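Beneath this line is the structure, given in structure tokens, with notes to follow.
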């Protein structure tokens, strides 16, 4: 309908395409329809593309299942993958999606983003690391070679610092 208003005000197809974020071909088709039947011809165009296979109600059921966590959905770890999400969608609704379509649902219909888990060893001991940094690191840092080349911090007669 915005395109019809723009055409009525004398805007060119290219301007309509840019303003509405559509292709030149789409704006051209809209102009053809508008010029043949006016605003009413565009009103009948309806929705573009295929209707979603999941209704909003089904999608709400999927979200509820996903929020329970992957372990609650029968997976051995807490990590979600696209394949696992697709399995939950199928178990909840009976509709099977591939990973690409699953990602489109998560991103476009739910507004979710990809999250990566922090890579930390399960055995990591933050207290032991802090103790090492406090005691061992200064000892290693101040050890031989800390003052520059060689194994002694004293300058030798032929070193650069003695030539100054």
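The values are calculated or read from the model by the stated rules, or taken from the named source; none is laboratory data. These numbers come from a predicted model, not from an experiment. Every residue, glycine as well, gets a Cβ built from its backbone with ideal geometry; the counts of neighbours run over all protein chains shown.
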- Task: Return yes when residue 16 is assigned to a loop (DSSP other than H, G, I, E, B) and surrounded by 15 or more Cβ atoms within 10 Å (Cβ to Cβ) and no when it is not.
- Result: no
- Note on the structure: Per the list (1) surrounded by 13 or more Cβ atoms within 10 Å (Cβ to Cβ); (2) farther than 19 Å from residue 57 by Cβ, residue check on residue 77 breaks on (1)
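Rundown of residues vs (1) at pLDDT 90 or above; (2) assigned to a loop (DSSP other than H, G, I, E, B), yes/no style:
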site	(1), (2)
49	no, yes
53	no, yes
57	yes, no
80	yes, yes
97	yes, yes
118	no, yes
136	no, no
- Item | Evaluation of residue 72 against (1) farther than 30 Å from residue 50 by Cα; (2) in contact (Cβ under 8 Å) with a residue 12 or more places away in the chain (one fails), failing number | (2)
